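This report concerns only the one structure given below.
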Amino acid sequence: MEIIKNIFEMQGRAKDILGKNLVTGFVPTMGALHEGHLSLVRRSQAENDVTVVSIFVNPTQFGTGEDYDSYPRVVEEDLNALKALDTNILFLPEKDDIYSTDFNTFIEVKGVTENLCGAFRPGHFRGVTTVVNKLFNLVKPVRAYFGQKDFQQVVVIKKMVNDLNMDTEVIACPTVREEDGLAKSSRNLYLNADERKDASILYEAMKSVAEGLQNGDIDFQKAPHKLVEVLCKMEHLKEIQYASLYDPFTLEEVTDKTPEEYKKRELLIAVSLILGKTRLIDNLLVDL
Ligand code: AMP
């Protein structure tokens, strides 16, 4: 596995690859890799000639009081996991190279960034779109792979790519879960044993609402109440930031006034909550 730390070297390598008419698939990550990340790497390897994985804990997407400093950094383990998969290139840029002291340009997507996580993490998506834009310029991928686990992130990045006519196809990949349904996440490392037990209720809550909607036991008006009712079974639950039904394209909350529309297409159940001190997000697409 080739390891590239220098941003200009990465850009040069990307040009070489393009010059040889080879296709690059790209998996941007913040490291502390788990099976969710690795599923994206495998998908990229199956669909492209060269797979580049980046590890960069992006400071601009963390707000004040968030976990930028404590975010897990386990580069040696990540390196071994990527080597074991025969990843072609690991891109490991330095913070000061990505953001020079006079850095002053940001990409901001309006609309789809404003509710759900955007409402609780001001500036988060601005940081995400800015860094993804920079990474795309350095890696020059034909395809880039993102997890549906961060559903809003995928919608926002697709919007940026479309609005700015960027030449990278954004591919959303299914959420990889633990046996009890908890979505794999680097932040699950923060949960203590009791909180980890509670955490499985998140998937249980979304699944029971999805099933209720599908078999007609729950209507659109009752769904958010049912979701909250099950989530409240968590002993260490501190806050529910959002838990409701949303349009998977606009991310607007779906109300009981519009049920017919969603009979023809999918509906998104999305949740964000604080368990102990850890923020967990998850979602499920429901085919009604
Ligand atoms: P992160 O390192 O958290 O920035 O995540 C890097 C990429 O991995 C993002 O596209 C995430 O959506 C994706 N990802 C994280 N967790 C999972 C998961 N459990 N299943 C699938 N993809 C995931």
*Quickly run through the range 55-85 and pick out the residues that are more than 17 Å from the chain's Cα centre (by Cα) and of a type in the set (A, V, I, L, M, F, W, C).*
V74, V75, L79, A81, L82, A84, L85
_Within the range 186-223, tally of residues that are surrounded by 15 or more Cβ atoms within 10 Å (Cβ to Cβ), part of a loop (DSSP other than H, G, I, E, B) and out of contact with any strand residue (DSSP E or B) (no Cβ under 7 Å at 6 or more places or on another chain)_ = 2
*What residue, among those in the range 20-57 that are among the hydrophobic types (A, V, I, L, M, F, W, C) and assigned to a helix (DSSP H, G or I), is farthest from D150 (Cα to Cα)?*
A46
_Long-range neighbours under 8 Å by Cβ, at least six apart or interchain, first residue at positive phi and modelled with pLDDT of 95 or more within the range 129-154, second away from the ligand (no atom under 13 Å from the Cβ) and basic (K, R)_ = K140/K15
*Considering I107, I157, which residue is more than 16 Å from the chain's Cα centre (by Cα) and either buried (at least 18 other Cβ atoms within 10 Å of the Cβ) or on the phi < 0 side of the Ramachandran plot (or both)?*
I107
*Looking only at strands (runs of 3 or more DSSP E) that fall completely inside the range 74-176, which ones have 1 or more residues that are in contact with a helix residue (DSSP H, G or I) (Cβ under 8 Å, 6 or more places away or on another chain) and within 13 Å of the ligand (Cβ to nearest atom)?*
143-147, 169-173
_Filtered residue count, the range 238-288, keeping only those that are part of a strand (DSSP E or B), open to solvent by 10 Å² or more (accessible area, probe 1.4 Å), more than 17 Å from V228 (Cα to Cα) and at pLDDT 95 or above_ = 1
*Among the candidates G63, G31, G19, G36, single out the residue that is more than 16 Å from the ligand (Cβ to nearest atom) and modelled with pLDDT of 95 or more.*
G19
*Spot the failing condition for S54; the list is (1) surrounded by fewer than 20 Cβ atoms within 10 Å (Cβ to Cβ); (2) within 13 Å of the ligand (Cβ to nearest atom), and only one is missed.*
(1)
*Which of the residues that make up the range 192-237 are within 16 Å of the ligand (Cβ to nearest atom) and in contact with a Lys or Arg (Cβ under 9 Å, 6 or more places away or on another chain)?*
Y203
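The values are calculated or read from the model by the stated rules, or taken from the named source; none is laboratory data. Just so we're clear, the structure is a prediction, and the values are computed from it rather than from any experiment. Methodologically, a virtual Cβ is constructed for each residue, glycine included, from the backbone with ideal geometry; neighbour enumeration extends over all protein chains shown. Accessible surface areas use protein heavy atoms only, side chains included; no ligands, DNA or RNA. Shrake-Rupley method; radii C 1.70, N 1.55, O 1.52, S 1.80 Å.
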